[in-house]
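The values are calculated or read from the model by the stated rules, or taken from the named source; none is laboratory data. Predicted model, so just to flag it, every value in this text is computed and none were measured. Heads up, the Cβs are rebuilt from the backbone with ideal geometry, glycines too, and the neighbour counts pull from every protein chain shown. What goes into the accessible areas is simple: the full protein's heavy atoms, side chains included, and nothing from ligands, DNA or RNA. Shrake-Rupley method; radii C 1.70, N 1.55, O 1.52, S 1.80 Å.
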Amino acid sequence: KPPPEKMGGGPPRRNITRKKTDPTNNGHYSSRSKKQGGAGKGKWDDPMDGSDHVAIEPLDENDPLYVAEDDADPSSYILSSGEAADKLRHSGAGPSAYDASTDKAVYGPMLTLSEFKIRVSDAIREYFDSSDADEVVRCIDEMKCREYHPEVVKRSISLGLDAGPRERELVSRLLACLHPNPLADEEMEVGFEVLLDSIDDLAIDIPDAKAMVGSFVARAVVDEVLAPAFLSNRNNTHPGDCVVEKAVSLLSREHCTARLEKVWGPGDGRTVPELKEVMDQLLKEYLLSRELDEAASCVRELKASHFHHELVKRGVKIAMEDDGRDHASESSSLDAMAALFQFLVNNSIVSEYQVAKGVSRLRKILSDLKLDVPAAPKMLDEFEGRARDGGFLHVAQVVGEKA
């Protein structure tokens, strides 16, 4: 056989004929002759040959969702696998919701517990910003998960522990709004039981959790959210519970109702007159005890750094009235007040600007103050001198404000 011809010095041409190539298709290969392009592997010749039929297994009577044939209701189904939803359906109570896609009524919670926790947490965080308790009530009603209602108590208080006094006051008010609808007495008690059972875990991240939860429990009793019998029952089942003992001690104090209504302090968004009243009480207690650390802690808990000038004004005024005509002794109230504000400025609790603003406001009411304390102008000059010597009043600032 002669060798193949060469064209233009390139490789030799070969006459190759592909298998199953249609000569009328210009020599191009076509896979139409193959079954589904894959030689027909795994292809059923007859789709109705019954090979896709799966036998239906008989119902298991031990299955939580099992319903006897003679008792089955074709117009409803149970979403929850618990016995509570099954009893609810047979008790004659209304369904939780209606599923339009299947034309059936739904019994049991509409969400899983994890989904419910996420939605409740989001609603409470939004409530911290808006202070709209009615919106939280509507949100809980719309979720239609009554079985999970005790979780609302635990989640709201847990989020309040991580926040400030304002948020904790809002949580206490929210619990009062949630009771008795949508959270009934039993659901409230179960919620607090769950919270108290997990207090050790909360105390790991929040050292003061036990004391604060005790205040929440006592406040709930005062607001009639919890019955007083809850504390005695809890004490019988868990003797020595420090949270219950804290709540009982708060409820045993004199004027406990008035005190527990303000258990979270004035930093919870209360009015200016209430802040002034708390400041007066704080300053008078300091003059009696002369404990700088305790006074500084109380000032810090006020959460009102923008209003510290009022603290300075009222503090110096109270010291003047306390000293009266005789303020020359070393233990005078004016000296103690100067030491307090020096301590607060050195520890970055009160700013120098707030001190100067408070002194400036006090100087504007000297004419009225002289009626009660004739030596008030001289005493104010002495306080300013001590403030400059102590380094917490450098520049006098005149601020046009009324007392």
Need the failing condition index for L175 against (1) open to solvent by less than 20 Å² (accessible area, probe 1.4 Å); (2) touching a Cys at 6+ places or on another chain (Cβ under 6 Å), just the number. (2)
Which condition does E301 not pass, out of (1) closer than 30 Å to Y353 by Cβ; (2) over 25 Å from the mean Cα position of the chain (by Cα), if it passes all the others? (2)
Can V299 be described as closer than 19 Å to P165 by Cβ and either in contact with a Pro (Cβ under 6 Å, 6 or more places away or on another chain) or outside any helix (DSSP H, G or I) (or both)? no
I'd like the residue in the range 264-274 that is surrounded by 18 or more Cβ atoms within 10 Å (Cβ to Cβ) and either over 20 Å from G160 (Cβ atoms) or under 18 Å from the mean Cα position of the chain (by Cα) (or both) and, out of all such residues, is modelled with the highest pLDDT. W264
L231 fails exactly one of the following numbered conditions: (1) crowded, with 19+ Cβ neighbours inside 10 Å; (2) under 19 Å from the mean Cα position of the chain (by Cα). What is the number of that condition? (2)
Selected residue [open to solvent by less than 60 Å² (accessible area, probe 1.4 Å) and of a type outside the set (D, E, K, R)] from L334, L288: L334
Give the number of residues within the range 149-166 that are touching a residue at least 40 places away in the same chain (Cβ under 8 Å) and either crowded, with 21+ Cβ neighbours inside 10 Å or not in a loop (DSSP other than H, G, I, E, B) (or both). 12
So, R253, is that one surrounded by 13 or more Cβ atoms within 10 Å (Cβ to Cβ) and of a type in the set (K, R) or not? no
Can you name the condition, by its number, that L202 falls short on among (1) in contact (Cβ under 8 Å) with a residue 60 or more places away in the chain; (2) assigned to a helix (DSSP H, G or I)? (1)
Hey, E193 over 15 Å from V244 (Cβ atoms) and open to solvent by 10 Å² or more (accessible area, probe 1.4 Å) or not: no
Cβ-Cβ below 6 Å, separation at least six or inter-chain, first residue in the range 115-136 and more than 19 Å from N181 (Cβ to Cβ), second assigned to a helix (DSSP H, G or I): which pairs? S121/R155; F128/E167
For the range 348-364, pairs from a residue that is within 14 Å of S305 (Cα to Cα) to a residue that is among the charged types (D, E, K, R) and open to solvent by 70 Å² or more (accessible area, probe 1.4 Å), with Cβ under 8 Å and 6 or more apart or across chains, are I349/R300
Which listed residue, of A258, A220, A296, is open to solvent by 50 Å² or more (accessible area, probe 1.4 Å) and among the small types (G, A, S): A258
Give all pairs with beta carbons closer than 6 Å in which a residue from the range 272-296 that is within 18 Å of Q342 (Cα to Cα) and in a helix (DSSP H, G or I) meets a residue that is at pLDDT below 90 and not hydrophobic (A, V, I, L, M, F, W, C); count only pairs at least 6 apart in sequence or on separate chains. L287/S333
